[in-house]
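The structure under discussion appears below in the form of structure tokens.
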Amino acid sequence: MEVEIERVLRETAGNIAPGVPYALKATAARLAGEPDLGVPSALPGILSLRVDGDLFEDCPDLDIGYIREPDRIRIRFVRALDPEPVPEAGADGGKPATAGTGADRPAPRPGPAAEAVAVRQVADAWGRVTGWLRDHAPGSYAALRPGAGPAALAALEAGLGRPVPVELRVLWLLTAGDDGVDGGGCLPGNEALMPLETVADQYRTRRAIPGWRASWIPVVARGTADTTSGLYLDAETGCLGRWSRYDEPPAEEPDTLVTYLEETADMLRAPALATRDRPGLAGGVLRWAAGLAPGREGDWRPLTG
């Protein structure tokens, strides 16, 4: 039976751990002969197969999700499984110490099904954005940074003092920031996806501001060198929010990272239906109308279609 590994998985599996691409290929070969190895997951139509990482070099335990069709198998996601926690004895050598309560307790992490959905949605939406940039705005595409590796994400989490939500993790595994062109990024308003070092710096800076919550992780900046406003992701609610020195009003309906990226992709693919902002091109670079600098309107051409 034919087994198909989705392109985004082939490109990013090595970001989980060096041994994951080989484990994924080996699992695909095994599924070709034993297509019913998986068990039903919480996702409709998706079978889940747990892979023992000890069978491969430099590979964690994996959860691999796939769709079984009559004549082929499509592997849709792969994620590393957290190690089983080992209870620690309390100070008196007796019962394990109990977790904190209230503010000391981290927000519950989404289950495997929710994580799998988020991985697929973010990868699909961002893939549509970057695919359009590659084909129509090569200058903007070239400004995108390569994806981050596990070590870089682990260092960021250590600096933040909290885990990075799965939707942000998969985005940064694909693209770890936007260096932009002439100060502008590729997101609506010509805002830019922050590099990880800027995320860490802005988080430290803004945590000192009264009212800034520990769960707010900066993601998007007004420009590549302008952090006077931008978007943060609330790790507890999954919603995006805006900070600004300019007292900009909040959106009527809060976005999630997924809906924000999906709408961005939709505006590029069907600009006539765009409502948030108007995309256009200027010399092979994507420029959004709301963020055009004075004097730059002359060489800007709105997208049509």
task: Report whether or not Ala148 is buried (at least 22 other Cβ atoms within 10 Å of the Cβ) and either part of a loop (DSSP other than H, G, I, E, B) or outside the structural domain of Pro279 (by TED's automatic domain parsing) (or both).
output: yes
message: Which of the numbered conditions does Arg10 fail, given that it passes all the others? Conditions: (1) closer than 23 Å to Thr175 by Cβ; (2) in contact (Cβ under 8 Å) with a residue 24 or more places away in the chain; (3) of a type outside the set (A, V, I, L, M, F, W, C).
response: (2)
- prompt: Of the residues Leu196, Leu171, which is buried (at least 22 other Cβ atoms within 10 Å of the Cβ), modelled with pLDDT of 90 or more and either within 16 Å of the chain's Cα centre (by Cα) or not assigned by TED's automatic domain parsing to the domain that holds Ser140 (or both)?
  reply: Leu171
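Here's the yes/no breakdown for (1) in contact (Cβ under 8 Å) with a residue 24 or more places away in the chain; (2) surrounded by fewer than 22 Cβ atoms within 10 Å (Cβ to Cβ); (3) more than 24 Å from Glu263 (Cα to Cα):
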site: Gly159; (1), (2), (3): yes, yes, yes
site: Leu187; (1), (2), (3): yes, no, no
site: Glu191; (1), (2), (3): yes, no, no
site: Arg206; (1), (2), (3): yes, yes, yes
site: Thr224; (1), (2), (3): yes, no, no
site: Glu236; (1), (2), (3): yes, yes, no
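Take the residues of the stretch 28-54 that are of a type in the set (Val, Ile, Thr) and farther than 25 Å from Ala148 by Cα: which is modelled with the highest pLDDT?
Of the residues in the stretch 28-54, the ones of a type in the set (Val, Ile, Thr) are 39, 46, 51.
When the remaining residues are screened for being farther than 25 Å from Ala148 by Cα, the result is 39, 46.
Working: Val39: 89, Ile46: 80.
Filtering the stretch 28-54 for residues that are of a type in the set (Val, Ile, Thr) and farther than 25 Å from Ala148 by Cα, the one modelled with the highest pLDDT comes out as Val39.
Within the stretch 175-184, can you find the residues that are crowded, with 20+ Cβ neighbours inside 10 Å and under 17 Å from the mean Cα position of the chain (by Cα)?
Passing the criteria: Ala176, Gly177, Asp178.
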- request: Inspect the stretch 249-256 for any residue being of a type in the set (D, E, K, R) and more than 25 Å from Asp124 (Cβ to Cβ) and give the result as yes or no.
  value: yes
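Being β-branched (Val, Ile, Thr), in contact with an Asp or Glu (Cβ under 8 Å, 6 or more places away or on another chain) and at pLDDT 90 or above is true for just one of Val78, Val181, Val129, Val164. Which residue is that? Steps first, please.
On the way: Val78 fails: at pLDDT 90 or above; Val181 fails: in contact with an Asp or Glu (Cβ under 8 Å, 6 or more places away or on another chain); Val129 fails: in contact with an Asp or Glu (Cβ under 8 Å, 6 or more places away or on another chain).
The match here is Val164.
Among the residues in the stretch 279-292, are any farther than 24 Å from Leu144 by Cα and either modelled with pLDDT of 95 or more or assigned to a loop (DSSP other than H, G, I, E, B) (or both)?
First, pick out the residues of the stretch 279-292 that are farther than 24 Å from Leu144 by Cα: none.
No - not one qualifying residue is present in the stretch 279-292.
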message: Condition (residue is closer than 19 Å to Gly38 by Cα and either at pLDDT below 85 or in the same structural domain as Leu144 (by TED's automatic domain parsing) (or both)) applied to the stretch 86-98: is it met by at least one residue?
response: no
field: Pick from the stretch 59-73, criterion touching a helix residue (DSSP H, G or I) at 6+ places or on another chain (Cβ under 9 Å) and of a type outside the set (A, V, I, L, M), ranking: farthest from Val20 (Cα to Cα)
entry: Arg68
- request: Identify, by number, the condition in (1) touching a residue at least 12 places away in the same chain (Cβ under 8 Å); (2) more than 28 Å from Thr175 (Cβ to Cβ) that Thr27 doesn't meet.
  value: (2)
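Pick from Tyr22, Tyr66: which is of a type in the set (Phe, Trp, Tyr), more than 21 Å from Trp172 (Cβ to Cβ) and not in a strand (DSSP E or B)? Walk me through how you get there before you give the answer.
On the way: Tyr66 fails: not in a strand (DSSP E or B).
Of the residues listed, the single one that is of a type in the set (Phe, Trp, Tyr), more than 21 Å from Trp172 (Cβ to Cβ) and not in a strand (DSSP E or B) is Tyr22.
Which residues, taken from the stretch 32-60, are closer than 22 Å to Val119 by Cα and not in a strand (DSSP E or B)? Let's see the steps before the verdict.
Taking the stretch 32-60 and keeping what is closer than 22 Å to Val119 by Cα, we get 38-53, 59-60.
Result: Gly38, Ser41, Ala42, Leu43, Pro44, Gly45, Ile46, Asp52, Gly53, Cys59, Pro60.
The values are calculated or read from the model by the stated rules, or taken from the named source; none is laboratory data. Note that the coordinates shown come from a computational prediction; the quantities given were computed from them, not determined experimentally. Cβ atoms come from the backbone with ideal geometry, glycine included; neighbour counts cover every protein chain shown.
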